[in-house]
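The values are calculated or read from the model by the stated rules, or taken from the named source; none is laboratory data. Note that the coordinates shown come from a computational prediction; the quantities given were computed from them, not determined experimentally. All Cβ positions, glycine included, derive from the backbone under ideal geometry; neighbour counts span all protein chains shown. The protein model used for the area step is the full one, side chains on, heavy atoms only, and it has no ligands, DNA or RNA in it. Shrake-Rupley method; radii C 1.70, N 1.55, O 1.52, S 1.80 Å.
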Amino acid sequence: MGEIPGLRERKKLRTRHALIAGALRLFLEKGYEQTTISEIAMAADVSTRTFFSYFASKEEVVLCNARESLDHILRTFAERRPGESPADLLSRAVEMIFDVLADTERGWEIAEVNRLVMTVPSLRAQALLLMFDAQHRMVDALQQAFPGELDAIEAAAAVGSVIGAAKLGISVGLEQGGPSREVIEGCRRAVGLALAGLRAVAPFES
């Protein structure tokens with residue numbers, strides 16, 4: 001009998017996580033440029049061919065969580081609840097970030113990715129391009145979630161303030177080297193301040 005889809009999916013997720021964790025540990029030990037894809041595959045106990053069935057490159061391993069976060073936010077925007085204000089929708093979208101930070105292993109991954117992006121020039125360039133594209137896609141998605149209620153500038157202001165506060169809150173917290181609890185609290189505070197500013201004016205008020 002074949003494996004049930006749920007079990008297959010869980011195995012794929014475990015393999016994917018093993019590749020990410022193994023890659024980040026090797027990058028930390030050997031350096032990003034010095035680590036090979038075959039070494040990453042070996043660390044996860046899979047073949048190089050299996051690596052390429054999950055990721056196209058080392059760069060993709062590092063930036064995959066950012067792409068996943070974008071997908072989550074876009075799905076959340078597309079599933080706006082009845083009566084939900086732009087500020088409330090943005091608040092719900094960033095809750096996932098806090099959940100990820102609260103997970104010890106995922107929090108370690110985010111911290112290491114942040115360090116890599118800040119120290120490897122090629123990764124920093126790609127991360128900036130990814131962030132620029134992601135924010136434009138969020139602006140479009142937020143505007144579509146509120147047809148006739150938000151114009152492009154208003155949507156841009158909302159995304160820039162809340163998503164920017166979340167990203168910088170995480171980055172600053174990690175750079176200060178505080179425990180994950182303090183990073184989460186700092187990020188929540190930064191997002192809360194941005195949301196308070198939005199809720200003070202129409203059309204973002206609840």
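Before moving on, here are some points about what is shown:
- Set of lysines near Lys12 by C-alpha distance (under 24 Å), chain-local residues within fewer than 8 positions excluded: Lys58
- Along the axis of the charge dipole computed for the stretch 147-206 (Cβ charges of +1 for Lys and Arg, -1 for Asp and Glu, origin at the Cα centre), the listed residues Val159, Pro147, Ala202 are led at the positive end by Val159.
- Rounded to whole Hz, the Karplus (6.51, -1.76, 1.60) HN-Hα couplings of the stretch 8-17, x for glycine and proline: 4, 5, 5, 5, 5, 5, 5, 5, 4, 5
- The loop-placed trypsin sites (Lys or Arg not before Pro) in the stretch 161-206, going by DSSP, include none that has at most 16 neighbouring Cβ atoms within 10 Å of its Cβ.
- Overall form of the stretch 78-130: oblate. Here a/c, set by the Cα gyration tensor axes a ≥ b ≥ c, is 1.5 or more, and a/b is not larger than b/c.
- In a reduced charge model with +1 at each Lys and Arg Cβ and -1 at each Asp and Glu Cβ, the chain shows a dipole moment near 440 debye about its Cα centre.
- Computed with every protein chain present, the accessible area of Cys64 is close to 10 Å² [probe 1.4 Å].
- Among Leu19, Val183, Leu101 the positive-end extreme of the charge dipole of the chain (Cβ point charges): Leu19
- Each Cα pair under 8 Å and six or more residues apart adds its sequence gap; the mean of these over the residue count of the chain is a relative contact order of 20 percent.
- Residue-normalised accessible area of the chain, given per residue in Å² at a 1.4 Å probe: 55
- Checking every one of the GluC sites (Glu not before Pro) in the stretch 14-106 against DSSP loop status and a limit of 14 other Cβ atoms within 10 Å picks out Glu33, Glu79.
- Whole-Hz couplings from phi, Karplus 6.51/-1.76/1.60, listed for the stretch 191-203; x for Gly and Pro: 5, x, 5, 5, 5, 4, x, 5, 5, 6, 10, 6, x
- Scanning residues 5 or more positions from Ser85 or on other chains, none has an amide H under 5 Å from its amide H, with H placed 1.01 Å from N in the peptide plane.
- MRE, 222 nm, helices only [DSSP H, n ≥ 4, -39500 (n - 2.57), over the chain, to nearest 500]: -27000 deg cm²/dmol
- 3J(HN,Hα) along the stretch 57-66, derived from phi through the Karplus expression 6.51 cos²θ - 1.76 cosθ + 1.60 where θ = phi - 60°, amounts to 6, 5, 4, 5, 4, 5, 9, 5, 5, 5 Hz, with x in place of Gly and Pro.
- Alpha-carbon centroids, the stretch 135-206 and the stretch 68-84: separation in whole Å: 14
- Cα gyration tensor, the stretch 115-188 - rounded (a/c under 1.5), prolate or oblate: oblate
- The charge dipole of the stretch 126-199, taken about its Cα centre with unit charges on the Cβ atoms of Lys, Arg (+1), Asp and Glu (-1) only, comes to about 260 debye.
- Where labels lie 7 Å past Cα in the beta-carbon direction, separation of Asp103 and Ala200 in nm: 3.6
- Remark: the stretch 73-125 carries a charge dipole of roughly 240 debye about the Cα centre, counting +1 on each Lys and Arg Cβ and -1 on each Asp and Glu Cβ.
- The apolar share of the surface of the stretch 147-206, taken as the fraction of accessible area on carbon and sulfur atoms (1.4 Å probe, ligands and nucleic acids excluded), comes to 58 percent.
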